[in-house]
Amino acid sequence: MPQLTVVVPAYNESAVLGTFHQRLREVLDGLPLDSSVLYVDDGSRDDTWSIIETLVAGNPRTGALKLSRNFGKEAALTAGLDAVANGAAVVIDADLQDPPELIPALVEQWQAGYDVVYATRSARKGESGFKRFTAAAFYRSMERLSDTTIPRDTGDFRLLSRRALDALGQLRERQRFMKGLFSWIGYRQTSVRYLREPRQAGTTKWNYWRLGQLAIEGITSFSSAPLRLATWVGLASAGLAFVYGLFVLVKALFYGDPVQGYPTLMLVILFLGGVQLLALGVIGEYLGRNYAESKHRPLYFIEEHRLPRDPR
Ligand code: UDP
Ligand code: MG
């Protein structure tokens with residue numbers, strides 16, 4: 001039988017885990033697969049880990065990892081996927097926003113020969129207009145700035161075949177914009193549509209600050225276009241300066257030059273100062289990331305590991 005592991009990152013999810021596991025198990029039991037569940041506790045501060053331990057003890061084919069602290073969803077996912085030694089994997093959120101009932105549809109495409117099957121939301125229920133707008137703006141700028149196309153309206157909910165997992169396992173960069181990495185590896189990719197539910201319980205871990213960080217992460221790890229910004233702004237201001245220089249010269253030749261021009265001088269200094277700081281900031285973003293990468297630190301540490309109990 002083909003093997004499938006469902007990887008579930010969980011950070012302070014004690015409110016939903018019970019319901020989640022039940023719904024997931026129901027779906028998995030109906031599939032003709034050798035399926036197991038792997039929870040990754042991303043350093044939760046509530047009793048998520050003790051709930052997970054109960055789930056592991058009470059259910060066959062359920063395992064868990066506990067990270068040594070909160071490393072963030074992307075690292076938690078990586079830890080989970082690294083631990084999948086055989087067969088394919090499905091990545092799903094614990095908050096029931098990704099319906100487990102969609103897994104059979106993902107599996108169907110996998111068995112039809114696809115390596116990455118991602119779930120595309122056809123609607124965003126329970127999200128504000130502003131969040132929808134910022135999400136759309138992000139996907140649009142990513143499309144223009146990067147060579148890697150990141151499918152719109154997809155989260156991390158997806159199925160990865162064995163060779164996709166092996167490929168992903170080789171990407172050890174610290175800047176882990178998972179959606180980008182998933183699509184960067186290539187192979188045969190397809191999507192399945194679904195309706196995204198609002199969170200069942202608990203609260204989202206993403207505020208606008210973290211989402212903004214994620215957006216910068218996505219852009220800097222998949223595009224170097226911002227680095228060229230300085231070149232373009234520099235060229236444009238050099239062009240303008242040339243035209244203005246001609247104008248000043250001609251004016252001085254025909255009308256003489258009574259010394260004036262404090263406002264223009266100030267304007268030019270302030271403008272160029274601003275542009276230079278902006279360009280430095282952009283370079284700093286990339287440099288800082290380069291520094292983080294060059295330390296080659298491990299992406300996570302595992303504190304505890306619960307192996308799944310075999311039903312036989
Ligand atoms: N998560 C995690 N570590 C974190 C933040 C989130 O493992 O630092 C998990 C969380 O428990 C959930 C999934 O990642 O299972 C998605 O998080 P959330 O629902 O907060 O994000 P959203 O659905 O709003 O994008
Ligand atoms: Mg969520």
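The values are calculated or read from the model by the stated rules, or taken from the named source; none is laboratory data. Everything numeric in this text was worked out from a predicted model, so none of it was measured. Don't worry about glycine lacking a Cβ; one is built from the backbone with ideal geometry, like all the others, and counts go over all protein chains shown. We work out accessible area using only protein heavy atoms, side chains counted, and drop any ligands, DNA or RNA first. Shrake-Rupley method; radii C 1.70, N 1.55, O 1.52, S 1.80 Å.
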Using a Gaussian network model on the chain with a 10 Å cutoff between Cα atoms, which of Val107, Val275, Val84 fluctuates the most? Val275
Within the chain, what is the number of lysine pairs with alpha carbons under 27 Å apart, leaving out pairs fewer than eight places apart on the same chain? 14
Report the FRET efficiency, 1/(1 + (r/R0)^6), for Arg210 and Asp47, where r is their Cβ-Cβ distance and R0 is 22 Å, rounded to 0.05. 0.40
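Over the stretch 13-163, what is the percentage of antiparallel beta bridges among all DSSP beta bridges, to the nearest 5? Can you show the working numbers first?
Values: 7 of 12 bridges.
Looking only at bridges with both residues in the stretch 13-163, the antiparallel portion is about 60 percent.
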Among the DSSP beta bridges whose two residues both lie in the chain, what percent are antiparallel, rounded to the nearest 5? 30 percent
In degrees between 0 and 90, to the nearest 10, how far off the longest principal axis of the chain does helix 73-82 point, with axes built from Cα atoms? 50 degrees
Rounded to whole Å, give me the distance from the Cα center of the stretch 53-74 to that of the stretch 117-190. 24 Å
What do you get for the angle between helix 225-255 and the principal long axis of the chain? Use alpha-carbon atoms, 0 to 90 degrees, nearest ten. 10 degrees
Out of Gly169, Gly274, Gly63, a Gaussian network model of the chain with alpha-carbon springs under 10 Å gives the largest mean-square fluctuation to Gly274
Please list, in order along the stretch 44-59, the HN-Hα scalar couplings obtained from phi with the Karplus expression 6.51 cos²θ - 1.76 cosθ + 1.60 (θ = phi - 60°), rounded to whole Hz, x for Gly and Pro. 4, 9, 9, 8, 3, 5, 5, 5, 4, 4, 4, 4, 5, 5, x, 10
Which residues among the stretch 67-86 fall inside the zone where the amide N is under 11 Å from a point 7 Å beyond the Cα of Leu171, along Cα→Cβ? none
Label zone at Phe271, where the point sits 7 Å out along the Cα-to-Cβ direction: the stretch 224-245 residues whose backbone N lies under 14 Å: 233-245
Sorted by chain and number, the residues with a modelled amide H under 5 Å from that of Tyr39, at a separation of 5 or more or across chains, are Val8, Gly63, Ala64, Leu65
Probe 1.4 Å, all chains present, heavy atoms only: Arg172 accessible area in Å², nearest 10, is 110 Å²
In Hz, Karplus ³J(HN,Hα) per residue of the stretch 11-19 (6.51, -1.76, 1.60; θ = phi - 60°; x = Gly, Pro): 10, 6, 10, 4, 5, 10, 4, x, 4
Per 20 Å bin, what percent of the C-alpha pairs of the chain does each bin hold, from zero upward? 28, 48, 15, 8, 1
Comparing Ala225, Ala15, Ala241 in a Gaussian network model of the chain (Cα, 10 Å), the one with the largest mean-square fluctuation is Ala241
Per DSSP, the loop-located chymotrypsin sites (Phe, Trp or Tyr not before Pro) within the stretch 245-312 having at most 16 other beta carbons within 10 Å are Phe301
Which whole-Hz ³J(HN,Hα) couplings does the stretch 266-278 yield from phi under the Karplus relation 6.51 cos²θ - 1.76 cosθ + 1.60, θ = phi - 60°, glycine and proline marked x? 4, 4, 5, 4, 5, 4, 5, x, x, 4, 5, 5, 4
I'd like the FRET efficiency for Leu31 and Glu304, computed as 1/(1 + (r/R0)^6) with the beta carbon distance as r and R0 of 22 Å, rounded to 0.05. 0.15
Residue-level accessible surface for Asp153, protein heavy atoms, 1.4 Å, Å²: 50 Å²
Nearest 20 debye, what's the magnitude of the dipole of the stretch 159-312 about its Cα centre given +1 on Lys and Arg Cβ and -1 on Asp and Glu Cβ? 940 debye
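By its C-alpha gyration tensor, with a ≥ b ≥ c as the square roots of the eigenvalues, how is the stretch 159-295 shaped: rounded for a/c under 1.5, else prolate for a/b larger than b/c, else oblate? Mind dumping the intermediate values first?
Working: a/c = 3.23, a/b = 2.71, b/c = 1.19.
Prolate shape, in that a/c is at least 1.5 and a/b is the bigger ratio.
Run the accessible area of the stretch 174-312 with a 1.4 Å probe and give the carbon-and-sulfur part as a rounded percent. The partial results should precede the final answer.
Details: 6830 of 10100 Å².
Of all accessible area on the stretch 174-312, carbon and sulfur atoms account for 68 percent.
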Theoretical ellipticity at 222 nm over the chain - DSSP helices of four or more residues, -39500 (n - 2.57) apiece, nearest 500: -16000 deg cm²/dmol
List residues of the stretch 274-312, by number, whose backbone nitrogen lies under 14 Å from a label position 7 Å along Cα→C-beta of Ala230. 274-288
Using Cα atoms only, what is the angle between the long axis of helix 208-222 and the major principal axis of the chain, expressed in degrees (0 to 90) to the nearest 10? 80 degrees
